[in-house]
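This report concerns only the one structure given below.
Every number in this text was worked out from the coordinates using simple rules, so none of it is lab data. Bear in mind that the values here come from a model prediction, so they are computed numbers and not experimental data. Here Cβ is always computed from backbone atoms with ideal geometry, including for glycine, and neighbour counts include all displayed protein chains.
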């Protein structure tokens, strides 16, 4: 299969190294014939959106690509209908697949118009959360909606195991900036308030033993300042326990990539329960889930009561599971397998079964996405 990816990036290999290197690895392993990246954010700024679509059309045509991936295609942009249809109309008839990476609200801050178009025109759309997001997209005309969780970037977070201190500087660590939404009608205004409530509770409980990293927390006594995206493991490894915080959306199965990044750090992770996420990582083994802030603190206290070797043994086993099954490389493989199965079945005139998802815990040979939140017609 020859693949062209329109990356949500200014420079594909720099802004999206996990996915870029994941597809490059698939080429080296013989699972893809070729992979070409088009950084749609960068090229649209230099060429304009018409120029971006001309460049994409040219590359897809010249490479005779079998598939075109619209990666995290929810940035603000002019209506992409004409550009997508022009590519779909090429003589090589490439399959189009798209992905949604960010959280969105149910009533406000809904999925962007660009992704509504992309998912409606795609042969398959991969979503990092299901529930109301999938139902809304199906109502707007999308089909073949498939769960595809975020993963840890193996390039930035998959290095050799780092030594962990037997006497961590902090008890609990959280990485996340203070959100600044000011409109009470905005979905993220309320998630921002929940994050402030969460940080306040953990500051009160752990004080200077709580390490708070991120922007705009000036005045909080636990604040350690901002850090770069790639430095998260350094922050986590300064602590005995990592806490994920309150998520920005609670649609079924949704996690940000920070869940997998934190779980790959070698430090135990406590996070907020969202429907379905217990099928991605196993509770009380890979992570510890609380249904509110009080429960999250209780989970942290329970882990802090364990010995340091016991915590580190548990967390190292989780780290290995993440690196062997939940990196962005694994997501590349899983998406391509589904797209290839769809393409081959259509070419042979056969029905396409619902896709198998090997990352679901209670599956045998790969589970299927629940019918209640998926529109699949093959």
In whole angstrom, note down how far apart the Cα centers of segment 211-255 and segment 119-139 are. 29 Å
Given the C-alpha centroids of segment 291-341 and segment 47-94, what is the distance between them in whole angstrom? 36 Å
When the label point is put 7 Å from the Cα of residue 313 along its Cα-to-beta-carbon vector, which residues of segment 260-276 have a backbone N closer than 18 Å? 266-269
Which of 155, 35 has the fewest Cβ neighbours within 10 Å, and the rest in rising order: 155, 35
How would 173, 153, 332 line up from fewest to most surrounding beta-carbon atoms within 10 angstrom? 153, 332, 173
Residues of segment 119-154 with amide N under 16 Å of a point placed 7 Å along Cα→Cβ from residue 350: none
Mean separation of Cα contacts under 8 Å (6+ apart) over length of the chain, as relative contact order %: 16 percent
According to a simple spin-label model (label point 7 Å from Cα along Cα-to-Cβ), what is the distance in nm between residue 200 and residue 177? 2.2 nm
So residue 302 and residue 189, fully extended at 0.36 nm per residue minus their Cα-Cα distance, gain in nm 37.5 nm
Let me check against my output: what whole-number percent is the relative contact order of segment 154-325, with C-alpha pairs under 8 Å and at least 6 apart? 22 percent
Ordered by fewest other Cβ atoms within 10 Å, a rough proxy for footprinting exposure, 216, 53, 273 read 216, 273, 53
